[in-house]
Amino acid sequence: MIDDIPEAIRETPPTSPKSSSAMPILGGILGLGVVVGGLIWFFASQPSPKAPVETGKTDTEVASGIQSTSNTEIIESPPTETVPETEPIENVLGHLPYEQAKPSELVPITADGSIRLKKSAATEFKKMQSSARREGIILTAISGFRDEATQQYLFFEVKKNRRQDTSTRAEVSAPPGYSEHHTGYAIDIGDGKVPATNLNTNFEKTSAFRWLEKNAARYSFELSFPRDNPQGISYEPWHWRYVGDRHSLETFYKVRNLK
Ligand SMILES: [Zn+2]
């Protein structure tokens, strides 16, 4: 019985064991908390090894990024090359700007020295003139090199006298700074036998013009303003330009892609 009492006491403990049995639950919860905490720590510690993986990815991304940027660079570079092509050509009413020849570069092509061309052009013109003469054709030089002051007069003063509007004047004369005559490579040619056709479209009917059409290219002269020229300048059968060396060729063709 005494033993029973302790048993009873022991019974009471069973209630306490119940509470003590709650302890393991709590402990279990705590344990779970520890485990969960441990898991959290584990996963928390996981990202650190993941982080290098991510940096590894970012490295590959960087690597691929370099490739993609290099690709975009390749794509971008052609447009920058094509941009100048789409830029409008500097011109005034169809006339292109020309650098004025230096006086030291000019050589007379007439006896009185009043008409001058750049040396290369002058030499070839004289050869062409001699060749034509041997065939009975008189090629006369009407105008060669002109400075900007002369062109200033020809464009503005003649324009006033003729009461021409600017665009009409520009069809037949270049504004100062925009004449091929500034270069020393351009020459207006007449037929010595038919001076009435000088600076006139009737010049195309002369034997001199027909001779030039056939032979001028042999001396590297070409017609600057043929009919329906892309610059929109009126037909000038008398106006020829020399394109027989690098500088003259670049002068007339380097930036020229008018359409
Ligand atoms: Zn001319």
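The values are calculated or read from the model by the stated rules, or taken from the named source; none is laboratory data. These numbers come from a predicted model, not from an experiment. Cβ sites come from the backbone with ideal geometry, for glycine too, and all protein chains shown count toward neighbours. Areas reflect the complete protein model, heavy atoms only, side chains present, ligands, DNA and RNA absent. Shrake-Rupley method; radii C 1.70, N 1.55, O 1.52, S 1.80 Å.
General remarks:
- Within the shell of other residues whose beta carbon sits under 9 angstrom from the beta carbon of His239, the net charge comes to -2, with Lys and Arg scored +1 and Asp and Glu -1.
- Remark: for residue pairs Lys127/Lys159; Lys160/Lys193; Lys159/Lys205; Lys118/Lys193; Lys127/Lys205, the C-alpha separation exceeds 29 Å in Lys127/Lys159; Lys160/Lys193.
- Length gained when the stretch Arg218-Ala149 is fully extended (0.36 nm per residue, less Cα-Cα span): 21.6 nm
- The apolar share of the surface of the stretch 131-259, taken as the fraction of accessible area on carbon and sulfur atoms (1.4 Å probe, ligands and nucleic acids excluded), comes to 49 percent.
- What the Cβ-Cβ distance of Tyr253 and Glu171 gives, at R0 = 25 Å and to the nearest 0.05, is a FRET efficiency of 0.65.
- Part-to-part distance (alpha-carbon centres) for the stretch 166-200 and the stretch 215-237, which is given in Å: 11
- With a cut-off of 14 Å between beta carbons, the residues surrounding Asp147 carry a summed charge of 0, where Lys and Arg count +1 and Asp and Glu -1.
- Two-site label geometry, Ser104 and Glu157: point separation in nm, points 7 Å out along Cα→Cβ: 3.0
- Projected label distance in nm at Leu93 and Lys205, using a 7 Å step from Cα toward the beta-carbon: 2.8
- The alpha-carbon atoms of the stretch 118-164 define a convex hull whose volume equals 83 cubic angstrom per residue.
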